[in-house]
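Comments concern the structure below.
The values are calculated or read from the model by the stated rules, or taken from the named source; none is laboratory data. Please read these numbers as outputs of a predicted model, since none were measured by experiment. Note: ideal-geometry Cβ built from the backbone for every residue, glycine included; neighbour counts use all protein chains shown.
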């Protein structure tokens, strides 16, 4: 079994993004809202900031007290929606329990939804709209799969997930490259073992450690592990490497697999939004956005 090096794939993606930004007449700008003091969220935001600044993106971080109300967050998002200097808006998840996540995401302008998480954008993407932004997480999982799929790889795939809208977005993503993906709920693995054990490619996004055993997968399967859990202060995925290494041909490790590629996909999306919002692409030298 080979481990898929997500960091290496992400570096190549970020290099292409950096070169593309060099040819823009402006620097794309990303606003990130960090609500509360969740340590993992802080870590993820710092990683996004680091990579964004490396490729030439203006990164604006808004740290918000954990006791904030929905209305205050929406007021800030409304301001950012109207700010021509901001190309993309990202609300770092998870949010504190008292915050209505769906209400917050819904308030983001569809043309600044860099994560592709807004319901309208996801639904349009699932319906086949080629002009809507690609949801970041499904895009990252599929990017990793594409790096190991070859002409001899069979196309029968399974997504084991807990979010209905996410799994449907991944099915739509896979259809674009010819994958036939069946959805399986994280809570119904046992009753769907016959489907999982026949899959050539397995995507997971459950946050359930040791989710699959060696006898529930087929020989040569590709596993893209999108799950994250914290156990004994360590970040681990859905799949135990030792459990599947005798049968799987490829596995994305956690950490170092999906995470870095997700950040790279996010920044790719930002560039796409910045070009759409500015109505320009390759023009030099760089100018103030107010001059676009």
With closer than 21 Å to residue 6 by Cβ and outside the structural domain of residue 89 (by TED's automatic domain parsing) as the only criterion, which of 183, 146 stands out?
146
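Condition check ((1) closer than 26 Å to residue 208 by Cβ; (2) modelled with pLDDT under 95; (3) part of a helix (DSSP H, G or I); (4) assigned by TED's automatic domain parsing to the domain that holds residue 39) across all residues:
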position	(1), (2), (3), (4)
84	no, yes, no, yes
141	yes, no, yes, no
150	no, yes, no, no
166	yes, yes, yes, no
Can you pull out the residues in segment 16-50 that are free of Cβ contacts under 8 Å to residues at least 24 places away in the same chain and within 24 Å of residue 254 (Cβ to Cβ)?
39, 42, 43, 46, 49, 50
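Can you tell me which residues in segment 1-10 are part of a helix (DSSP H, G or I) and touching a residue at least 60 places away in the same chain (Cβ under 8 Å)? So that I can check it myself, show each step before the final result.
The first filter runs over segment 1-10 and keeps only residues part of a helix (DSSP H, G or I), leaving 6-10.
Matches in segment 1-10: 6, 7, 9, 10.
Mind checking whether some residue in segment 101-112 is out of contact with any helix residue (DSSP H, G or I) (no Cβ under 9 Å at 6 or more places or on another chain), without any contact (Cβ under 8 Å) to a residue 12 or more places away in the chain, farther than 20 Å from residue 57 by Cα and not in a helix (DSSP H, G or I)?
The first filter runs over segment 101-112 and keeps only residues out of contact with any helix residue (DSSP H, G or I) (no Cβ under 9 Å at 6 or more places or on another chain), leaving 101.
From the residues that got through so far, the ones that are without any contact (Cβ under 8 Å) to a residue 12 or more places away in the chain too are 101.
Narrowing further to those that are farther than 20 Å from residue 57 by Cα: 101.
Remaining after also requiring not in a helix (DSSP H, G or I): none.
No, that holds for no residue.
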For segment 86-100, how many residues meet the condition of being over 22 Å from residue 267 (Cβ atoms) and either part of a strand (DSSP E or B) or free of Cβ contacts under 8 Å to residues at least 60 places away in the same chain (or both)?
3
Before we move on, is residue 120 touching a strand residue (DSSP E or B) at 6+ places or on another chain (Cβ under 8 Å) and either buried (at least 21 other Cβ atoms within 10 Å of the Cβ) or not in a loop (DSSP other than H, G, I, E, B) (or both)?
no
